[in-house]
Every structure is written in C-alpha cells, then in structure tokens.
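The values are calculated or read from the model by the stated rules, or taken from the named source; none is laboratory data. This is a predicted model, so every value here is computed, not measured. Note that each Cβ is placed from the backbone with ideal geometry, even for glycine, and that neighbours are counted across all protein chains shown.
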Amino acid sequence: MIEKMGERVDQISQEETKIDVENSQNEESENVKCEPEQAQMLENEAAIVSSNLTNKSVDDIVKTEIDASLPGSEATENKKRAGLMSPSLRPFVIISSSYLLFTVTDGAIRMIVLLHAYNKGFTAMEVALIFVFYELAGVFTNLAAGMAGAKWGIRWTLIVGLTLQIGAYGMLFGWKNSWEKRTAIIYVTLTQILAGIAKDLTKLGGKTVTKLVTPDDKQTKLFKLVSLLTGWKNSLKGVGYFLGSALLNVSYEVALGVMMAFIVAAMPGPIFLLDHNIGKAKKKNSSLKDIFNMENWNLNVLSFARMWLFASRDFWFEVPLPFFLRSPPCPSILDPCSASSPCVSAATFCDAAAQVCYNLNPGGGCGGTGLSRTVVGAFLGGYIILYGQVQSWTPQLVTGPLGQTPPNKLTEVLWGMINCIPTLVATVVIFVSPIFQNAANPYFEGIINLGGQVGWLVTILVTFAIIFAINSSIHSYLVVKYADKGNVAVSVGIYYMSNAMGRLVGTLGSGLLYSYVGEFYGGQFGRDTVQGFASCFLAGTISSLIAAVITLAIKDQEAGLKCGSIVCINRQPENKDAAEVEVDTF
C-alpha cells in the first residue's frame, strides 16, 4: 500500500516536472540566441561526447537504455527508492506511513466500542454521548495541537498521538461485563477522550506535511498530494471498520490486541527518522491570539463551512446507520423458535424457556435490517473505502476533466449543493416507502423485503460517498491553499477543530433524533427506528445546504467556474485595475 502511494507521488511529481520542462523549452526556443563563441563551445562539447561513445556500439547503448527503463530493473528500482527517500519527499513518506497505519486503528476502535456496546444493551443516545466526548476532545486538541506543532514540530505531535492511542486500547481491556451501565459509560468515555486526542494529534502531522513539501507555485501538485493522502487515509479507515467488527467474532481481546500491534508498527519512523524541526513556526511561537483572529478570512469561513459539511454526514452515519443495520425488523420479535428452528434475525436470540425470539437490544429499537456484526462492519467499511478512493482520484477523474482543477470556492459551492441530493432522497424514501415502513410495524404479517431495504441503502450510500468524497477532497485542498505556510500547523489545527466540532454536532444530534423520534412500542420492541433514521437524513440534508451557503462568503472566485466545455461562471479580475486592462484588450 505504501509502495503504491509512493508511486502515485512520483507520478504527480513527474507530471509537474514535465509541464515545467515544456514551458522552459518554449521560453528558450523564443528567447535564447547563441553567440558565435557559444556555438563553437557547443561544437567542441559535442565532439568530446562523440569520441567517448566510440568505445560503445549503438546496440550496447540501446540495450543499456532499455534495461534501465524496465519496471523490474535495478536502475528503475534505485530511481524509485531515490525518489521516495529524497530530502523533499522523505518527511511525506515517513509521516504518511505512520498516519495511515494509525488510521486503521482509528476506524477499528469506533466499531469495536459501538458493536460491543450494542450487544451490552446500550442505546443510540448513550453511544452517541460516548462519541461526543471523543469529538469534544478533538475540538480542544486541534486548538492545542496547532500551537504545540508550531512550537515543538509535528514529529512531537505524531509520537504523542500514537502513544495515546496505545493507552486508549490498553484501557479498553479493562471494560468489565459485570459493571453497571453507568460505570461502563464513564470508563469507556475516558478511553474515547484519549482516542480523540490521539486522532487529532496524528492527523495534524498527516495533513500538514503536504503543504511543507510542496512549493507555492505547484497548486495542482498540492491538490493531487492532498487528495492522495486523504483518500488513502479514508480507505484504510474503512479497512479498520471491517477488521474491528470481524475480529470481535474471534474475541473482544483479540480485536484490541491486533490493533495495538498496528500502532506499534507505526512508531519507529517518526521516532528515529523524522527531523525534529519539521512543522515548527519559522517566525514566532503561536498563541490563542494567533488562532482566534479574522485576518485569514477565507480560512475562517471555510472552517465554519467544514463544520456543517461533516455534520451532514455524522447526523446519520456514525451511530444511526450501524444501529439501524443491527436492529431487527419489528415483526421478527416474539416469533416462535427452538433449538432446531433458530431466530432468523442476527439481532435476536431464542429464549429457551419461552421459545420465542427476543430482541438482543430493546434499547436499540426495531425496524432495521438485523444484520450480523461482521456484515455491518463490511457495510460501513465498504462505504469508507469507496469514499477514500474517490477522494484519491478526484483531481484526475472529476475536477480535472471538468476543468475545475485546482478548485476554488465556486467549485465547492456547486458540489456542496449536489451533496444535498442523496440524503434528501433517503429522507423521502424511508419516510414513505412500504419497504421500510412494514419492517417498523410489529403487527405486519407479510414478508419483510430485506433485500429492498439493503438495496436502497446501498444505492443512497454509494451515491453519497462519491459526492461527499469530492466535497471533502476540495475542502482538504482549500485549507492547505489558504493556510499560512510559515505557521501551517496552526492554520490546519483551527480548520480541523471545526471539523471535530461538526462531527460533535452531528453525533449528538443523531443520538437525539434516532433515540426519540418515532413511536415507542415498549417491551422487547423498543422504539420505531425507521422514523428516527429518516429524521437523521433530513438533518444531514439541511446541514449540507448550510455548508454550501456559508462557502459563498469566501473570496476566491477570480478563476470562475467551468463545467467541462461549458463556462458556468466567467473568470473575474482580482481588482479594478485588472478589470480596466481586460476591457482595454477588446
């Protein structure tokens, strides 16, 4: 995986170099004229080169060039290693490798805690509260991490983040089955606070290094590097979602132990190979005054929009979706069962004395699909992997062909409005479709269309994953574009503080909507989850719309907006003088 990412980095660098060489050749062909003395010097050099080649046949020369160009040749491999370990790309490779390994554990810890808590009877609101403190820790961490990174460097933030993640997993070993729910909630919340701090300390290094290794005049290259790293990060987070849920079927302790091994593998690079000064502020140490200022208007507005963009996803994804996928259809509860005729839903169990199917977690309600933990993890993991890969290729497959690379605020407004469509469709379908409504009716006696439910959800999630990935890729580029390169850690820190704030708003709101909207049946049935699930999608739609409207306030529209061969919005001059020059040319 790291090798593939390195090859993509080399590819991006080669594309930029090719453009520079072509531009340089064009300029030389127009402007450079040789004096007679220079011409004579070139002839003499050519003669020397010619004499040196007499000892080699043409066939030998051609063979050497062909061998050097072969994919498996020693020369080719040496070039790859030299490219990846060059002074400019070495920090990118080291930090990105550790960041990506950490990301697997970040996705896994979410699924391990959520699915383990579901089996222990936690409600969506209780799980949301645990994760709210995870996000709240991220809000304050991004404030402190921006200043700490500027003062001590991103090597320090990366090492501390990895260490805290080991501590979070270690504490989860202490979660006892005999504890009362209140005790368990407090204890697990503390582990999530550590994990939240770890995530945002580590993320700071991963997001900052792309700006530090990219020249200011290479904005297209910067967009591609940011998209590459962000995409791989999210894909591996999806792998973590699946591994966490799958390893739970082996045992809770095995799941924790495997993830701790991933973190240990990520630590040697930052400790032994990374420069101590990378990411430090060049001029002065940062303070809260540097963070909370309105001088960087574009970054502040983008940060506020980012909050609502990520709330639009977390209103329905992080807690409601896995709870809905796990909760059983209401008609399947209290069905007759026996040792020879077990319960159909994976979220119910057969009571041997009563010989009926009971809800595994009445606090989670009923009306969902009743899928197993492994399938739920695969479902969410597949979504995140798709989302990550679309992010990686957004410049090449989407914004590039549409003429929107590098993007500006108009690009994000367009895709932000499109982001409202999938969740709006989901709201309508879940609210009114019999496919979902029948599953929420305890007295329905027909056949539950489980395939229809899953089919609709897959269609909506795939569509949203693609559109949201494009939005996130554009956002990730714009933040490093607007960031102050001399104090980039602070700029990225305040931006991702808003990101964590959006996740906090979405997670808390999702717990409230999912847990309290819908009819309460009581007993083994709990609450109708379909109404709450649809309400979460509606909240996500509203959040997407708010994010797009806020983005309009950014001052970055001079390049206009192209939609392929169509110019949607014409280019605009940066100032009045430029406007006068443009008018005079016609």
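From the set of residues in the stretch 556-573 that are part of a loop (DSSP other than H, G, I, E, B) and surrounded by 12 or more Cβ atoms within 10 Å (Cβ to Cβ), which is modelled with the lowest pLDDT?
Pro573
Got a sec? Which of Pro322, Pro342, Pro336, Pro362 is of a type outside the set (Val, Ile, Thr), closer than 30 Å to Phe133 by Cβ and more than 30 Å from the chain's Cα centre (by Cα)?
Result: Pro362 is the single residue among Pro322, Pro342, Pro336, Pro362 that is of a type outside the set (Val, Ile, Thr), closer than 30 Å to Phe133 by Cβ and more than 30 Å from the chain's Cα centre (by Cα).
Consider Leu380 carefully, then state whether it is touching a Pro at 6+ places or on another chain (Cβ under 9 Å) and within 20 Å of Ala128 (Cα to Cα).
yes
Could you tell me whether Thr459 is surrounded by fewer than 18 Cβ atoms within 10 Å (Cβ to Cβ) and over 26 Å from Leu334 (Cβ atoms)? Even if it seems obvious, please write down each step before you answer.
On the way: surrounded by fewer than 18 Cβ atoms within 10 Å (Cβ to Cβ): yes; over 26 Å from Leu334 (Cβ atoms): yes.
Yes; evaluated as a whole, the condition is true for this residue.
Just give me the residues in the stretch 376-405 being buried (at least 21 other Cβ atoms within 10 Å of the Cβ) and not in a helix (DSSP H, G or I), in sequence order.
Selection gives Gln404, Thr405.
So which of Gly509, Gly446, Gly493, Gly518 is modelled with pLDDT under 95, assigned to a helix (DSSP H, G or I) and either more than 30 Å from Thr157 (Cα to Cα) or assigned by TED's automatic domain parsing to the domain that holds Phe131 (or both)?
Gly493
Any idea how many residues of the stretch 108-123 are small (Gly, Ala, Ser) and over 13 Å from Ile185 (Cβ atoms)?
Applying the first criterion (small (Gly, Ala, Ser)) to the stretch 108-123 yields 108, 117, 121.
From what's left, over 13 Å from Ile185 (Cβ atoms): 108.
So the answer is 1.
Out of everything in the stretch 330-357 that is out of contact with any Phe, Trp or Tyr (no Cβ under 9 Å at 6 or more places or on another chain) and assigned to a strand (DSSP E or B), what residue ends up being surrounded by the fewest Cβ atoms within 10 Å (Cβ to Cβ)?
Per the criteria, the residue is Pro336.
Residue-wise test of (1) surrounded by 23 or more Cβ atoms within 10 Å (Cβ to Cβ); (2) under 17 Å from Ser535 (Cα atoms).
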residue	(1), (2)
Asn359	yes, no
Gly365	yes, yes
Gly368	yes, yes
Val425	no, yes
Ser433	no, yes
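Out of the residues in the stretch 411-436 meeting the condition of being over 15 Å from Ile466 (Cα atoms) and among the polar types (S, T, N, Q), tell me which one is farthest from the chain's Cα centre (by Cα).
Selected residue: Ser433.
Please find, among Asn441, Asn471, Asn408, the residue that is more than 25 Å from Ala378 (Cα to Cα), within 22 Å of the chain's Cα centre (by Cα), surrounded by 17 or more Cβ atoms within 10 Å (Cβ to Cβ) and in contact (Cβ under 8 Å) with a residue 60 or more places away in the chain.
After applying the criteria, what remains is Asn408.
Would you check if Gly502 is in the same structural domain as Lys481 (by TED's automatic domain parsing), modelled with pLDDT under 95 and out of contact with any Ser or Thr (no Cβ under 9 Å at 6 or more places or on another chain)?
no
Return yes or no: is Thr411 β-branched (Val, Ile, Thr), out of contact with any Gly (no Cβ under 6 Å at 6 or more places or on another chain), in the same structural domain as Thr459 (by TED's automatic domain parsing) and outside any helix (DSSP H, G or I)? Spell out how you get there, then give the answer.
Working: β-branched (Val, Ile, Thr): yes; out of contact with any Gly (no Cβ under 6 Å at 6 or more places or on another chain): yes; in the same structural domain as Thr459 (by TED's automatic domain parsing): yes; outside any helix (DSSP H, G or I): no.
The answer is no for Thr411.
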